[in-house]
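The values are calculated or read from the model by the stated rules, or taken from the named source; none is laboratory data. Since this is a predicted model, take the numbers as computed values, not measurements. Don't worry about glycine lacking a Cβ; one is built from the backbone with ideal geometry, like all the others, and counts go over all protein chains shown. With ligands, DNA and RNA removed, areas are computed over all heavy atoms of the protein, side chains included. Shrake-Rupley method; radii C 1.70, N 1.55, O 1.52, S 1.80 Å.
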Amino acid sequence: MKSINKANATINEVAAKAKVSKTTVSRYLNGKYEYMSVETKERVEKVIEELNYRPSNIARSLKAKNSNVIGCIIADIGSPFSSIVVKGINDVCNKAGYRVLFANTDNSPENEIKSIQSLMDNKVDGLIINTSGGNDKYLLDLRKNGLNIVLADRCLVPGNLIDTVATDNHNATYNCIEFLHKQGYKKIGFFTQNMMANSSRYLRHQGYKDALQDFYKMDGNKYTYIVESNDEEKCDKEVMKFFKNCKGEAGAIFTVNGVTLLNVLNSMNRLNIKIAKDLGVCGFDDWGWASLIPPGITTITQESYECGVQAANMLIKLMKSTKVCEAEYLELPAKLMVRGSTNLKNRKQERS
């Protein structure tokens with residue numbers, strides 16, 4: 001049975017307990033069994049199992065010669081945004097002579113750590129990480145130990161302690177709420193998936209709250225609704241709750257991303273709440289279908305491809321640098337694409 005008390009065992013401890021030299025343990029780890037007897041091999045193997053010893057991937061990766069391989073970890077490869085980011089990364093790396101190994105974590109912090117360890121086992125020269133969140137300390141430790149890392153889209157909150165390329169989430173959201181205010185909307189609801197540990201959602205929510213306070217003198221937390229893509233009933237309930245809270249006044253829903261936008265639109269359809277006529281609706285991610293759904297959905301478009309391009313360029317620059325520099329934080333602009341879903345001229349005077 002593996003010991004859980006020696007999870008941080010060192011190679012010296014393994015050598016001492018197995019009564020062999022550190023060099024012998026190192027040879028075992030590198031598969032050079034011809035330099036030891038069968039008995040020694042089995043003894044070292046048993047001690048490693050007992051101590052639950054895992055070699056330092058960071059140290060091994062740093063000692064290795066350049067592999068011209070870059071690791072890329074994506075939180076949700078099924079997202080259209082992520083797939084375009086990946087294309088930007090791959091295009092730049094191919095042109096610069098680097099191969100890219102990709103891993104998808106399904107927004108799981110545990111899977112993210114496993115993927116990082118696996119890629120370091122493959123001795124990558126650096127990592128581009130679209131983090132799931134929740135691993136800030138782990139990522140900072142990697143950087144402090146000298147591993148080249150760039151974060152794509154999602155940053156650390158608070159502080160920018162790792163090189164990062166992200167969208168200007170706060171200002172893009174703030175400007176959209178200001179636009180809705182100028183249009184004449186009286187109440188604006190913020191619909192989001194769970195925001196815990198997700199910097200993009202957090203910053204967008206902060207931009208929403210700041211704008212709601214500045215233009216409406218309202219507390220944005222009171223108009224924030226948490227919905228998940230796998231719970232249609234909850235989404236329907238929250239959409240109807242906001243609709244009723246508007247009490248006949250012009251209301252609009254702002255969604256944190258394309259997934260939430262699609263869920264809200266499906267709920268409105270099930271509830272027979274008409275786009276623009278009953279509720280305005282807009283949000284992040286200008287996916288292809290947004291312009292096709294009548295009367296057209298107002299969205300914030302992100303420079304997905306450019307995010308990938310800049311993240312790859314930033315990592316390659318980092319890998320080639322001989323100096324230790326402060327972390328760079330690059331924010332890409334986002335553009336508001338105004339369509340009919342936020343046009344108050346389409347609004348009914350009374351709900352029939």
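Compute the Cα gyration tensor for segment 241-284, then decide on rounded, prolate or oblate, letting a ≥ b ≥ c be the square roots of its eigenvalues: rounded whenever a/c is under 1.5, prolate when a/b is larger than b/c in the other cases, and oblate in all that remain. Prolate.
Determine the shape class of segment 163-243: with a ≥ b ≥ c the square roots of the Cα gyration tensor eigenvalues, call it rounded for a/c under 1.5, and otherwise prolate if a/b is greater than b/c, oblate otherwise. Judged from the Cα gyration tensor, segment 163-243 comes out oblate (a/c at least 1.5, b/c at or above a/b). Only beta bridges with both residues in the chain are counted; by DSSP, about 10 percent of them are antiparallel. For the peptides 192-201, 145-154, residues were scored by their other Cβ atoms within 10 Å and the scores averaged per peptide; the highest-first order is 145-154, 192-201. Relative to the longest principal axis of the Cα atoms of the chain, the long axis of helix 258-270 lies at roughly 40 degrees.
Starting from the Cα gyration tensor of segment 99-196, take the square roots of the eigenvalues, sort them a ≥ b ≥ c, and report rounded, prolate or oblate (rounded when a/c is under 1.5, otherwise prolate if a/b is larger than b/c, else oblate). Taking the square roots of the gyration eigenvalues as a ≥ b ≥ c, segment 99-196 is prolate.
Each Lys or Arg adds one and each Asp or Glu subtracts one; over the other residues with Cβ under 12 Å from the Cβ of ILE73, this totals -2. With the charge dipole of segment 138-193 set up from +1 on Lys and Arg Cβ and -1 on Asp and Glu Cβ about the Cα centre, the Cα lying farthest toward the positive end among the listed residues TYR138, GLN183, THR164 is that of GLN183. Compute the helix-to-body angle for 232-245: its Cα long axis versus the longest principal axis of the chain, expressed 0 to 90° and rounded to tens. Computed tilt is about 40 degrees.
Basic side chains Lys and Arg get +1 at the Cβ, acidic Asp and Glu get -1 at the Cβ, and with that the dipole of segment 262-352 about its Cα centre reaches some 480 debye. Amide H to amide H distances under 5 Å link LEU101 with ILE70, GLY71, CYS72, where only residues 5 or more positions off or on other chains count and H is placed in the peptide plane. Just checking the listed ones, GLU49, GLU112, GLU228: in the Gaussian network model of the chain with Cα springs under 10 Å, the one fluctuating most is GLU49.
Using a probe of 1.4 angstrom, how much of the accessible area of the chain is carbon and sulfur, in percent? The C+S portion of the solvent-accessible surface of the chain is 48 percent.
State in Å² the accessible area per residue of segment 223-352; use a 1.4 Å probe, count heavy atoms of protein chains only, and round to the nearest integer.
51
GNM remark for the chain: springs join alpha carbons under 10 Å apart, and the peak mean-square fluctuation among ASN175, ASN257, ASN30 falls on ASN30. Within the full protein context, the accessible area of ASP141 is estimated at about 60 Å² for a probe radius of 1.4 Å.
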